[in-house]
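The values are calculated or read from the model by the stated rules, or taken from the named source; none is laboratory data. Keep in mind the model is a prediction, meaning the values are calculated, not measured. Note that we place each Cβ from the backbone using ideal geometry, even for glycine, and neighbour counts take in every protein chain shown. To get the accessible areas, we keep the full protein, side chains included, count just its heavy atoms, and leave off ligands, DNA and RNA. Shrake-Rupley method; radii C 1.70, N 1.55, O 1.52, S 1.80 Å.
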Amino acid sequence: MSTFLAGFDGLWARPLEDYRNAVKSYLIVLDTNVLLELYRFTPQARHELLDVLAQLDQRLWVPHQVVSEYHRRRFEAVREHLNLYSSVPENLKTLRNKALQEVQNLANRCSMGDSDKQLLTAPINEAFERVTEEIRRHSNAFDLSLAKVVRNDPILSTLARILDGKTGEPFPDDETDSLITAFQERAAEHIPPGYRDAGKTENAHGDFFVWEQILRWASEHQTPVLLVTNDVKDDWVRKEAGFVVGARPELLTEFTSRCNRDFLMTQLPHFLGMAKEVLGASVSQSTMQQAKNVRETSTSSGVQVTLPYRHYTEILNRVGAYYEELDDLPDHTLSTDEQTERDEIYQILNAMAKGRRRKQGGDVSFTVPSDCFPRFNNFAVVNQPALDDSSNPPPERENRNGQYLLLMRELATLRELLESARVERDVARAMVTESERAAREADSSERDRLVKEAEKRQGLLRATTDSVRDLETQIQALSQQLDERGSPT
């Protein structure tokens, strides 16, 4: 190695040839997110990835912490994926209704007749219906269900065969507490990895445990390591201008110090590409694209946070009040850092407003965007003394400002949903009228089919009508709540 590069590991990108050599000869260690992506892949892509793992044979290894996280999260992984097939069509329906509402506004302003309006709305409905049908086709082609994974998980069975004898041991029970303490001390000093997760209520130490188990195994077996992970948070990797340079310099230094061997990190799509190139593995372009898509989705996700309801409301009120102060300031008076702070506070506020309260214990769960989590964590830590000191309640004005602001936003959202629901109801009513007319005028060979179609559309009309009524009731109740609360001064 050039003396100009030596001693500056992690500050420059390793050449691609180093990664090719690692795929051929290093110990390959898998992170939890790689195993869980098997539940998001199509059957063909899943089969190809499992074949690549089997081909690695004795050069494949997973830390005990990874296995533990995999077993805890595999049901949730498939549940989240299956939910996409229902949530995305629902979101598309909302977008369609908004588009139809814009057309309706245009038609009203321009005094369009029904035929002209139909020329504008028909392509919108047809396009959304085609997309929804294509999503349904993908849903039907996906071979996993939650019941199947619970009763006889084919991925679990295959991994049990491939990873038999290649799984690390847990830490001794009498050492776990001291390791958690070590993690907390490292996190306080921002020593990677894992300090970005320090505010989590569950498994905050997970990344550190994975790292420590890798270090011990590599040291004991004197082996270089290639870690395959889709985690690109900045407590694992160094980034410049949005590009990943490589593992954090601190990680490289620690690995060299304790193991005296080389350490590399790469993401799943890059690993699959190199496995195809240097190992001759059968990896299709479709599988490569799926790995890339899932990687981008997973790295843009947030941090799951669960708080007791009292703490949640206190932090929520303070965040709302703080955002209101920033939002009152003109843009030209804010520095770039202050504008960034305001944008992140707004994202945190929205994330918390979407929180769901659990029945047991009344805890509230919500997801904070990863980029905003450090600010959220600092905010929560700064305000923690006030949360636990009943003799020092938060200022009344901050409470009222934050709560009123959130209620107003909720009311605006409900009104927007109501407009969309009314458009959907009107479209459904027009479709029922058209179906009934067509059934009356059709000959006997078509009448039964058209009658059934009209009945189906009647059901849709009833559902949309009920939705309108429910939203109207919610808006009335929320408006009354705001009137009783009164505008903050």
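Assorted remarks:
- Looking only at the stretch 106-124, residues that are of a type in the set (S, T, N, Q) and surrounded by 11 or more Cβ atoms within 10 Å (Cβ to Cβ) come to 2 in all.
- Selection within the stretch 39-58 - open to solvent by 20 Å² or more (accessible area, probe 1.4 Å) and outside any helix (DSSP H, G or I): ARG40, THR42
- Residue in the stretch 1-19 that is farthest from ARG73 (Cα to Cα), counting only those that are in a helix (DSSP H, G or I) and more than 31 Å from the chain's Cα centre (by Cα): GLU17
- Candidates LEU215, LEU226: the one that is farther than 22 Å from TRP12 by Cβ, in contact with a helix residue (DSSP H, G or I) (Cβ under 7 Å, 6 or more places away or on another chain) and at pLDDT 85 or above is LEU215.
- For the stretch 217-240, the condition of being surrounded by fewer than 20 Cβ atoms within 10 Å (Cβ to Cβ), under 29 Å from LEU56 (Cα atoms) and small (Gly, Ala, Ser) holds for at least one residue.
- Taken together, the residues in the stretch 103-140 that are more than 23 Å from the chain's Cα centre (by Cα), within 30 Å of LEU49 (Cα to Cα) and small (Gly, Ala, Ser) amount to 0.
- Boolean, HIS71 is closer than 30 Å to VAL228 by Cβ, open to solvent by 60 Å² or more (accessible area, probe 1.4 Å), assigned to a helix (DSSP H, G or I) and modelled with pLDDT of 90 or more: yes
- Of everything listed in (1) part of a helix (DSSP H, G or I); (2) at pLDDT 95 or above, the single unmet condition for ILE28 is (1).
- Cβ-Cβ distances below 7 Å connect no pair with a first residue in the stretch 447-473 that is at positive phi, a second residue that is among the hydroxyl-bearing types (Ser, Thr, Tyr) and surrounded by 13 or more Cβ atoms within 10 Å (Cβ to Cβ), and a separation of six or more residues or different chains.
- Filter result for LEU36 (open to solvent by 50 Å² or more (accessible area, probe 1.4 Å), without any contact (Cβ under 8 Å) to a residue 60 or more places away in the chain and not in a strand (DSSP E or B)): no
- Note on the stretch 125-149: residues that are open to solvent by 90 Å² or more (accessible area, probe 1.4 Å) and either modelled with pLDDT under 85 or within 12 Å of LEU82 (Cα to Cα) (or both) total 3.
- Any hit, the stretch 75-96, residues being out of contact with any His (no Cβ under 6 Å at 6 or more places or on another chain), closer than 30 Å to ALA22 by Cα and either part of a helix (DSSP H, G or I) or not acidic (Asp, Glu) (or both): yes
- Residues being exposed (fewer than 15 other Cβ atoms within 10 Å of the Cβ), more than 19 Å from ARG72 (Cβ to Cβ) and under 26 Å from the mean Cα position of the chain (by Cα) - total across the stretch 189-209: 1
- Of the listed requirements (1) open to solvent by 60 Å² or more (accessible area, probe 1.4 Å); (2) over 22 Å from LYS239 (Cβ atoms); (3) of a type in the set (A, V, I, L, M, F, W, C), PHE8 misses just one: (2).
- Within the stretch 280-290, not a single residue is β-branched (Val, Ile, Thr) and modelled with pLDDT under 80.
- Of the residues examined, GLN267 is one that is at pLDDT 80 or above and within 25 Å of ARG73 (Cα to Cα).
- Verdict on GLU76 being among the acidic types (Asp, Glu) and either buried (at least 18 other Cβ atoms within 10 Å of the Cβ) or within 16 Å of GLN290 (Cβ to Cβ) (or both): no
- The condition of being at pLDDT below 75, under 22 Å from ASP114 (Cα atoms) and open to solvent by 30 Å² or more (accessible area, probe 1.4 Å) holds for GLU419.
- Selection from the stretch 150-164 of residues that are surrounded by 12 or more Cβ atoms within 10 Å (Cβ to Cβ) and without any contact (Cβ under 8 Å) to a residue 60 or more places away in the chain: PRO154
- Positions within the stretch 351-389 being open to solvent by 50 Å² or more (accessible area, probe 1.4 Å), in a helix (DSSP H, G or I) and modelled with pLDDT of 60 or more, in sequence order: ALA353, ASP371, ARG375, ASN378
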